[in-house]
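The values are calculated or read from the model by the stated rules, or taken from the named source; none is laboratory data. This one's a predicted model, so the numbers in the text were calculated from it and none came from an experiment. Each accessible area value is taken on the protein alone, full model and side chains, heavy atoms only, with ligands, DNA and RNA left out. Shrake-Rupley method; radii C 1.70, N 1.55, O 1.52, S 1.80 Å.
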Amino acid sequence: MNVIHDMLQQVTKMQWSDYLDILIVAFLFYKFLPLIRTTGAARIAKAIVVIVALAWVTEILELYTVNFIFVQFLQVGLIAVVILFQPELRRTLDHLGNMKLKKFFGTDKAEPEMAPIIAQTVKACEVMSREKVGALIVFGRDNPLDEYFKTGTMLDAQVSEQLLRNVFFPKAALHDGAVIIREGRVAAAGCVLPLSESNRLHADLGTRHRAGVGMSEVSDAVVVIVSEETGTISVAVGGMLKRHLAAKTLERLLVHELCGDEDANKEALSVRLRQKLQRKGKEERE
């Protein structure tokens, strides 16, 4: 009861600046937790939490020697974290540096040109799936992905079904690599992506799928994969792989991930309407 009474007294003594301070901290946690969860920074956070918890427990249990070791480790832990988790820290800082302020504060709007781009991508993937042509298509979001452009050929071309199918044609020079789409255009093709080392992936998944998942682990990109062996369409987001997708499911997923929650239904309706008009015009010409 004394603890509760003391807490109530502290609350009554709080000023408006204290409440503002709490709201700002809560808002920052709300925004940064998804960032930690979607990158390798989760490993850093877990390691720090475990060390702090062990130091606290050993202090309570009066295990002075073990506690001394943990305390000393915490004092030099920042240097150790930088050395051990240098790749993860670099990717996290890169993500923060390229985060748009409008998106950070939740005011970023969907890009209207994504609807035709998604439609062309879905049509290309549907044909390549039927013909069992392997494909790896990366949709960049906030992360610039500049380091992966260097491994391929710069294109800066308009996204179209014909272009995507020609790039991934089995005898084409760039068919083995990945296509990276950024800001509504095909930025590069034939790019080499990092392979995932996750043990959660099925053993039957090949290099193309592991590259797609690996790319989604180190960035916020949305990666579309078409299997060369089975024709299965998959999407990798945040290190998770969604397999055996139909064309309509692929369309809905891409609209949701690339157009935002608020405008997803409008974008999907626009895509379907445009496709119906195209089919109707084709039937009339025939």
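Judged by the ratio a/c of the largest to the smallest principal axis of the C-alpha gyration tensor, segment 138-215 counts as oblate, that ratio being 1.5 or greater while a/b is no larger than b/c. Can you classify segment 176-251 as rounded, prolate or oblate using the Cα gyration tensor, where a ≥ b ≥ c are the square roots of its eigenvalues, rounded means a/c under 1.5, and otherwise it's prolate if a/b beats b/c and oblate if not? Verdict is rounded for segment 176-251. Cα centroids of segment 223-241 and segment 126-184: 14 Å apart. Rolling a 1.4 Å probe over the heavy atoms of the protein chains gives segment 146-228 an accessible area of 50 Å² per residue.
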